[in-house]
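What follows is a set of notes on a single structure, which appears directly below.
The values are calculated or read from the model by the stated rules, or taken from the named source; none is laboratory data. Note that this is a predicted model, so its numbers are computed, not measured. As a convention, Cβ positions derive from the backbone with ideal geometry for all residues, glycine included, and neighbour counts pool all protein chains shown. Remember, those area values only see protein heavy atoms, side chains included, never the ligands or the DNA or RNA. Shrake-Rupley method; radii C 1.70, N 1.55, O 1.52, S 1.80 Å.
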Amino acid sequence: MIAVSIVSFCIAIFLILEHIVRKTDFFSPARIYLFFHSIALGVAFIAWDKAMTPFKPFTSVVYFGSGICFLLGVWSVQLLARLSGKDASVRRPLDLGRYNWGLHLLFAFVLFFFFAWGMAGAFRGAGTFPLFAKEKLKAIHDFMTQKWSYSFALSYAGIAMALFYMSIFRPRRLPKIFNLSIWMTVISAMIFSLALSRSALMFFAFFALVFYNEAIRRLSVLKLFNFFLICFAIIFVSGFFKVNGFEKNTLNIKKPSKILLPMLKVPYMYFANNFWNLDYALNPENYQERHPTTYGFTMLEGALDAMKVPGGTLGGGLREGTKIDNQFNASAAKSRGWNTIGYQWTLYKDFGLAGVLLGPFIIGFGLSLLYFKVCSQPSLLNVAVYSYLAYFVAISCFGFFSESPTYTYGLIYLCLCCYLSQSTFSGRRTLALNPAGPTSPESQLS
């Protein structure tokens, strides 16, 4: 297993070196997929926990086959661009002026007040914010489960931050200190931090990174390194709290060495359980079916679980009386408490091996086509949508993005905001920024 880990880390290092030497776009579709899956696979195959065992043959076909199909989808767009004679060697500038920023900010504030309402409702029910609670694990659970509508609303914090962040770069002559968008981005992040939840913050951080890289200016390796260091620190700190019951036992530990390894093992488990769960789910004992075929339900689960009907949600109603899992993947969890799993499981449950191979090809093709438009015909709509989806490519080893109601409807909200703001522009002032400068077609599309 250690050989797989070494090869995976070597691929990740190669991509970093290629980015430095060739000045390629680190956030092109193929590089995002290869880098983050290589890191995750490399960590998992260290085999720190006994639950992590070598892939069975069928798991290898599913996991590596889906990755190859995704890359083939990406490279198909590059091939078609070459055959059609379209030149993406030079990035077109993004015009930040031809956009209705007033309407955009209206969308941002509506979402901000929706998420703030959820935070306030959860606070009233729980009696405190998790950040200030003595027993933080219990406080987080109580805070997030007060009421479905509160939990649903506060989860939109990351998307509200993303909308405010985009408007930071609108054309203006006032000093940065008077930029309302900067203040609202910071205020939104501070309010959500009271919940001690990392998901929305990590989404926003990645969105901001990709948006800046594609719309404003190409990021340096040092800035990328700092970002990944911060992300690891967030996971590491959460591991510290989990290992020590958040606070009760911390003061009694005199030797830091006694908690360092358990703290490091929690981030390891976050990565590795996705892979051992995939292997466990795909290879049931005695060839019995681990989960019934869902024929597209799982991919639509996020949308259906947000549709309220008498007695619950539409998604929950469809699951009643069946053996269909919810987002906690009960049938695929090999170890109790660790229930995340790669996106391949969603596609396999829905459409079997055909879905696992054809689905990633379609996703890779569509995402690469969008990226081609970001390079050749950039608009705030396609740059924002690409930045949004890039995050879910990066974390695809943790699940399939459309299973989340927050991010399913969040994408619709983002598209509506950007589309209407583009189509209702009526001003004259423009500001064009060229984020990348000359690059090769290969580095643009691969």
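Every condition in (1) farther than 29 Å from Leu194 by Cβ; (2) open to solvent by 40 Å² or more (accessible area, probe 1.4 Å); (3) of a type in the set (S, T, N, Q) holds for Ser66 except the one numbered (2). Which numbered condition trips up Phe26, out of (1) over 24 Å from the mean Cα position of the chain (by Cα); (2) in a loop (DSSP other than H, G, I, E, B)? Status for Phe26: all satisfied but (1).
Just give me the residues in segment 165-182 being hydrophobic (A, V, I, L, M, F, W, C) and either in a helix (DSSP H, G or I) or within 26 Å of Ser387 (Cα to Cα) (or both), in sequence order. If you could, list the steps in order and put the result at the bottom.
So in segment 165-182, the residues hydrophobic (A, V, I, L, M, F, W, C) come out as 166, 168-169, 174, 177-178, 180, 182.
Answer for segment 165-182, where residues must be hydrophobic (A, V, I, L, M, F, W, C) and either in a helix (DSSP H, G or I) or within 26 Å of Ser387 (Cα to Cα) (or both): Met166, Ile168, Phe169, Ile177, Phe178, Leu180, Ile182.
Taken over segment 264-286, the criterion of being without any contact (Cβ under 8 Å) to a residue 24 or more places away in the chain and assigned to a helix (DSSP H, G or I) is satisfied by Glu285, Asn286. The single condition among (1) part of a helix (DSSP H, G or I); (2) of a type outside the set (Phe, Trp, Tyr); (3) in contact with a Lys or Arg (Cβ under 6 Å, 6 or more places away or on another chain) that Cys69 does not meet is (3).
When Ala81 is tested against (1) surrounded by 14 or more Cβ atoms within 10 Å (Cβ to Cβ); (2) without any contact (Cβ under 8 Å) to a residue 60 or more places away in the chain, just one condition goes unmet, and that condition is (2).
Does Val21 fit the bill of being closer than 15 Å to Ile2 by Cβ, assigned to a helix (DSSP H, G or I) and open to solvent by 10 Å² or more (accessible area, probe 1.4 Å)? Spelling it out, it is not the case that Val21 is closer than 15 Å to Ile2 by Cβ, assigned to a helix (DSSP H, G or I) and open to solvent by 10 Å² or more (accessible area, probe 1.4 Å). Taking the criterion of being among the hydroxyl-bearing types (Ser, Thr, Tyr) and within 19 Å of Phe26 (Cβ to Cβ), the only residue of segment 178-214 that qualifies is Tyr212.
Which one of these is closer than 30 Å to Thr24 by Cα and either under 24 Å from the mean Cα position of the chain (by Cα) or among the β-branched types (Val, Ile, Thr) (or both): Gly97, Gly158?
From the options Gly97, Gly158, the qualifying one is Gly158.
Any residue at all in segment 292-311 that is of a type in the set (Phe, Trp, Tyr) and at pLDDT 80 or above?
Residues of segment 292-311 that are of a type in the set (Phe, Trp, Tyr), as a first pass: 295, 297.
If we keep only those that are at pLDDT 80 or above as well, we get 295, 297.
Checked against the condition, which is being of a type in the set (Phe, Trp, Tyr) and at pLDDT 80 or above, segment 292-311 yields at least one hit.
Considering only residues in segment 280-315 that are farther than 22 Å from Gly359 by Cβ and among the β-branched types (Val, Ile, Thr), the one that is least open to solvent (accessible area, probe 1.4 Å) turns out to be Thr313. Residues in segment 41-51 that are over 22 Å from Ile13 (Cβ atoms) and either touching a residue at least 12 places away in the same chain (Cβ under 8 Å) or not in a loop (DSSP other than H, G, I, E, B) (or both): Asp49, Ala51. Among the residues making up segment 100-153, a single one is hydroxyl-bearing (Ser, Thr, Tyr) and farther than 17 Å from Thr406 by Cα: Thr128.
Looking only at segment 354-385, filter to residues that are polar (S, T, N, Q) and open to solvent by 10 Å² or more (accessible area, probe 1.4 Å); which one of those is nearest to Ala81 (Cα to Cα)?
Looking only at segment 354-385, we keep the residues that are polar (S, T, N, Q), and these are 368, 376-377, 379, 382.
Next cut, open to solvent by 10 Å² or more (accessible area, probe 1.4 Å) only: 376-377, 379, 382.
Numbers: Ser376: 11, Gln377: 14, Ser379: 19, Asn382: 18 Å.
Taking the candidates together, the pick is Ser376.
Only a single criterion out of (1) at pLDDT 90 or above; (2) within 17 Å of the chain's Cα centre (by Cα); (3) not hydrophobic (A, V, I, L, M, F, W, C) is not satisfied by Glu403, namely (1). Of the residues making up segment 221-248, those that are open to solvent by less than 30 Å² (accessible area, probe 1.4 Å) and modelled with pLDDT of 65 or more number 3. In summary, helices (runs of 4 or more DSSP H) completely within segment 78-164 and bearing 3 or more residues that are under 28 Å from Asp305 (Cβ atoms) and modelled with pLDDT under 90 occur at 136-144.
Consider segment 316-340 and keep the residues that are of a type in the set (A, V, I, L, M) and open to solvent by 10 Å² or more (accessible area, probe 1.4 Å). The one that is modelled with the lowest pLDDT is Leu318.
Condition check for Arg218 on (1) in a helix (DSSP H, G or I); (2) modelled with pLDDT under 90; (3) closer than 30 Å to Pro29 by Cα; (4) open to solvent by 30 Å² or more (accessible area, probe 1.4 Å): one failure, at (1).
Looking only at residues in segment 37-63 that are surrounded by 19 or more Cβ atoms within 10 Å (Cβ to Cβ) and among the aromatic types (Phe, Trp, Tyr), the one that is nearest to Gly352 (Cα to Cα) is Tyr63.
In segment 147-154, is there at least one residue being more than 30 Å from Phe211 (Cα to Cα) and surrounded by fewer than 18 Cβ atoms within 10 Å (Cβ to Cβ)? Walk me through it before giving the result.
To start, the set of residues in segment 147-154 that are more than 30 Å from Phe211 (Cα to Cα) comprises 147-148.
Still in the running and surrounded by fewer than 18 Cβ atoms within 10 Å (Cβ to Cβ): 147-148.
Checked against the condition, which is being more than 30 Å from Phe211 (Cα to Cα) and surrounded by fewer than 18 Cβ atoms within 10 Å (Cβ to Cβ), segment 147-154 yields at least one hit.
Residues in segment 169-187 that are of a type in the set (A, V, I, L, M), at pLDDT below 95 and either surrounded by 16 or more Cβ atoms within 10 Å (Cβ to Cβ) or within 17 Å of Tyr99 (Cβ to Cβ) (or both): Leu180 alone.
Please enumerate the residues belonging to segment 188-211 that are open to solvent by 30 Å² or more (accessible area, probe 1.4 Å) and in a helix (DSSP H, G or I). The answer is Met190, Ile191, Ser193, Ser199, Leu201, Met202, Phe204, Ala205.
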